[in-house]
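One structure is given below, encoded as structure tokens.
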Amino acid sequence: NHVSFNKAIPVGSTITIEAKVSRAFNSSMEVYLDVWIDNLNGGKTKANEAIYTFVAVDEKGKPVQIDKIKPESEEEIKRYEGALRRRQLSLVLAGKMKAQEATELKSIFN
């Protein structure tokens with residue numbers, strides 16, 4: 001869905017990628033990834049982030065229902081709420097949803 005390259009990662013650096021499901025829908029889930037450069041002093045610096053959408057499928061490749069998630073932290077709540085807007089935007093752009101049905105997107109502009 002989106003990849004943001006905010007900071008160059010020097011050659012030879014050690015990185016950590018943290019991935020969390022930001023929201024689960026019916027059979028799809030949005031996964032938010034944060035990429036960190038591990039500093040020599042033990043700290044870390046955020047370099048990049050990405051958002052991916054995955055669909056859960058059975059052995060035959062057919063989409064299956066997945067459990068919903070409940071965000072807890074402030075950041076998780078922010079990403080959870082944003083996931084619905086990003087999903088609606090993707091559906092509108094793909095022609096799978098009418099713009100007037102995208103209630104979360106419309107609320108931004110009202």
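The values are calculated or read from the model by the stated rules, or taken from the named source; none is laboratory data. In this text the structure is predicted, and so the values were computed from the model without any measurement. When we count neighbours, we look across all protein chains shown, and the Cβ atoms used for this are built from the backbone with ideal geometry, even at glycine. We work out accessible area using only protein heavy atoms, side chains counted, and drop any ligands, DNA or RNA first. Shrake-Rupley method; radii C 1.70, N 1.55, O 1.52, S 1.80 Å.
The figures follow:
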| read-out | value |
| --- | --- |
| Where a residue in region 87-109 is on the phi < 0 side of the Ramachandran plot and in contact (Cβ under 8 Å) with a residue 24 or more places away in the chain and its partner, wherever it lies, is open to solvent by 80 Å² or more (accessible area, probe 1.4 Å) and among the charged types (D, E, K, R), with Cβ under 9 Å and at least six apart | S90/K96 |
| Any chance L89 is under 21 Å from S107 (Cα atoms) and open to solvent by 70 Å² or more (accessible area, probe 1.4 Å) | yes |
| Some residue of region 94-102 being among the basic types (K, R) and not in a loop (DSSP other than H, G, I, E, B) | no |
| Condition met for Y80 (closer than 20 Å to E104 by Cα, surrounded by fewer than 16 Cβ atoms within 10 Å (Cβ to Cβ) and under 13 Å from the mean Cα position of the chain (by Cα)) | no |
| Region 13-65, subset of a type in the set (D, E, K, R), open to solvent by less than 70 Å² (accessible area, probe 1.4 Å) and touching a helix residue (DSSP H, G or I) at 6+ places or on another chain (Cβ under 9 Å), residue farthest from L91 (Cα to Cα) | R23 |
| Any pair with Cβ under 6 angstrom, 6 or more apart, that starts in region 1-27 at a residue that is at pLDDT 95 or above and assigned to a strand (DSSP E or B) and ends at one that is open to solvent by less than 70 Å² (accessible area, probe 1.4 Å) and basic (K, R) | S22/R79 |
| Set A94, A99, A8: member being of a type outside the set (F, W, Y) and either open to solvent by 80 Å² or more (accessible area, probe 1.4 Å) or in contact with a strand residue (DSSP E or B) (Cβ under 6 Å, 6 or more places away or on another chain) (or both) | A8 |
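So that you can scan it fast, the table gives a plain yes or no per residue for (1) within 18 Å of the chain's Cα centre (by Cα); (2) of a type in the set (V, I, T):
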{"position": "V21", "(1), (2)": "yes, yes"}
{"position": "I37", "(1), (2)": "no, yes"}
{"position": "Q65", "(1), (2)": "no, no"}
{"position": "R86", "(1), (2)": "yes, no"}
{"position": "S107", "(1), (2)": "no, no"}
